[in-house]
Amino acid sequence: MKFLELADLDAINNALSFDADDCRIHGKCEIYTTKSTGSDKKLYKAIESRCQEDMLAFSSSKSPELAFSWTQQSPFGPLDQSSSRRTFMYIVATLNASHPDHDFSTLQPTDFYKEPSLSRVLDSVNATINGMGRGRISVNQLWETVDRHINLSECNIYSYTPDSDSDPYGDEALIWSMSYFFFNKNMKRMLYFSLHGLGKEGTYQSHYVNEDESVLTPVPEDGEPSDFEDDWVANMDE
Amino acid sequence: MADQLKSLPRTARQLYEFSSTKIPNALTQQELLDGVGGSVSVNNLSSALNLLLSKRLLEALQQGNTLVYRAVPLEEAKTVSTMEGDEQIVYDFIKNAGNEGIWTKTLTLRTNLHVHVVNRCLKALESKNLVKPIKSVKNPTRKIYMLYDLVPSSELTGGPWFTDQELDVEFIENLKKVVYRFIHAKSFPPKKNATGPDMIWSPEYNGFPTALQIHTWLRNTNITEVELSLGNVISLVDVLIYDGKVEKRSDGVSYCSVRPSPDATNAFTEVPCGTCPVADICAVGSRVSPITCEYLDKWLN
């Protein structure tokens, strides 16, 4: 998936991360096109082969209801149709593109939920932003800008609520999160919108100070061995 | 391989030879000095150390607040010295993560390299078969890398209870059944149709199974080819305790299976009328009556 560089959306994206009263908000508002990169192609192959395996397993299993429910119950439509599988793959590729330190290829179609109405999603997002944002960000401006680049009314909307193990912010004092994918098939564009509420206490850096004597950590190359200067040692974790 | 050492000046060679006997331990500058006889000048020592570091025969590490050195096996030194600087840095961090592996986010943070540089190095190292990506059961979406030859720790794989990143419920249930039967068999006297005090062992009986006995027995039955440690067996028995099937005896080491208690139910407590929210207005002929009661219908069916 190719990330679209859009100046006005970028401004919105930056405005979505701020300190609220009782938590830090980290938001993302990113639009991608479905143009595939090299790693996307590998991802699609892997997911496609996994789906084929599952389909084979279900079709040869004794229970036709199970097979039927698996194909029908996916939020992306019947999984024996390649267009449904493709939508699912686009979403996984978007997650991978937005969170480069994670690999979401193990996700299942059932980890997502198809939102039935745009207005319900907008209401829920707006309530959260207005509740936390206090005038820091205008929801009207947000959706106006978004709509300019991806026609919201034409989109299928999917939501994702992982447990903290699979959440990309799971290591950062995560309190709540909401993630939506707006897929406009005609425009071949995907909007990834997410808001995460993170705890205020303790910064991310503090996890990585290593005072344990038994652990050996490498030293950067420009340290002279006979210079016992504490400065570059202390600055190592910055 | 020894030609790497042939070109070294004497002090450097001695330092290398001494420190390579101490692998995998690292040594302080003083320990190195003592190891080669202590008669080396500070200048000589530091230039020898620098030479070894540049040839990747020695690596500098931080142990708490002190700087220590560790020799690098010749094979490894050769591979690493052909890498470019950034790749070396990434490789070092991955190597030091051992069999726990290191997350790409941590890697980027600690190497201070740009995320694109880190990714490029990872790709290069992977193509040379020096590192491999692995998955953790605790954080299945994280991209974790470790050295190619290492086996992921049980923290990452979940140990014997996980197969392919998924909890192997069938395996656990089967093991639980088997272990429970073993404990149960040893918890009560074998006399069939025993009654009264013959149904249980006397208080002095000490033949109840301990975790160690269970472990040994389990191993001997060869029920599964998966290696189970004593800790694994204890966890399994703990699950049986939480299920209410087994209890730990007061001596702290042995287990005894729990006799299922006789049904403590009573018609008066079972009837739904006791918890009915509209019991007050219930009467024959009114809107709420026993004849039309849906709670009674449900209970009687």
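Descriptive notes on the structure:
- Reported count of residues in segment A:110-134, each being under 20 Å from the mean Cα position of the chain (by Cα) and either without any contact (Cβ under 8 Å) to a residue 24 or more places away in the chain or over 22 Å from residue A:74 (Cα atoms) (or both), is 6.
- Count - residues of segment B:152-196 that are farther than 27 Å from residue B:221 by Cα and of a type in the set (Val, Ile, Thr): 1
- Residue A:168 meets the conditions (1) within 14 Å of another protein chain (Cβ to nearest Cβ); (2) surrounded by fewer than 13 Cβ atoms within 10 Å (Cβ to Cβ); (3) not acidic (Asp, Glu) in every case but one. The failed one is (2).
- From the options B:169, B:178, residue that is in the same structural domain as residue B:223 (by TED's automatic domain parsing) and touching a residue at least 40 places away in the same chain (Cβ under 8 Å): B:178
- Selected residue (criterion: surrounded by the most Cβ atoms within 10 Å (Cβ to Cβ)) from residues of segment A:111-134 that are among the polar types (S, T, N, Q) and not in a loop (DSSP other than H, G, I, E, B): A:128
- Selection of segment B:213-230 for residues being more than 18 Å from residue B:181 (Cβ to Cβ) and surrounded by 10 or more Cβ atoms within 10 Å (Cβ to Cβ) yields B:226, B:229, B:230.
- Subset of segment A:1-48 (residues that are in contact with a strand residue (DSSP E or B) (Cβ under 9 Å, 6 or more places away or on another chain) and of a type in the set (A, V, I, L, M)): A:1, A:4, A:6, A:9, A:12, A:15, A:16, A:20, A:25, A:31
- Residue in segment B:110-129 that is more than 10 Å from chain A (Cβ to nearest Cβ), among the polar types (S, T, N, Q), more than 23 Å from residue B:61 (Cα to Cα) and part of a helix (DSSP H, G or I) present: yes
- When residues of segment A:135-160 are limited to those that are in a loop (DSSP other than H, G, I, E, B) and in contact (Cβ under 8 Å) with a residue 40 or more places away in the chain, the one surrounded by the most Cβ atoms within 10 Å (Cβ to Cβ): A:150
- Counting only residues that are touching a residue at least 24 places away in the same chain (Cβ under 8 Å) and part of a strand (DSSP E or B), segment B:58-88 holds 10 of them.
- Annotation: of all residues in segment B:75-88 being of a type in the set (Asp, Glu) and within 13 Å of chain A (Cβ to nearest Cβ), the one that is surrounded by the most Cβ atoms within 10 Å (Cβ to Cβ) is B:87.
- Matching residues, segment B:89-105, being assigned to a helix (DSSP H, G or I) and within 7 Å of chain A (Cβ to nearest Cβ): B:92, B:93, B:96, B:104, B:105
The values are calculated or read from the model by the stated rules, or taken from the named source; none is laboratory data. Small disclaimer: the values here were computed from a predicted structure and weren't measured. Glycine gets a Cβ as well: all are built from the backbone with ideal geometry, and neighbour counts include every protein chain shown.
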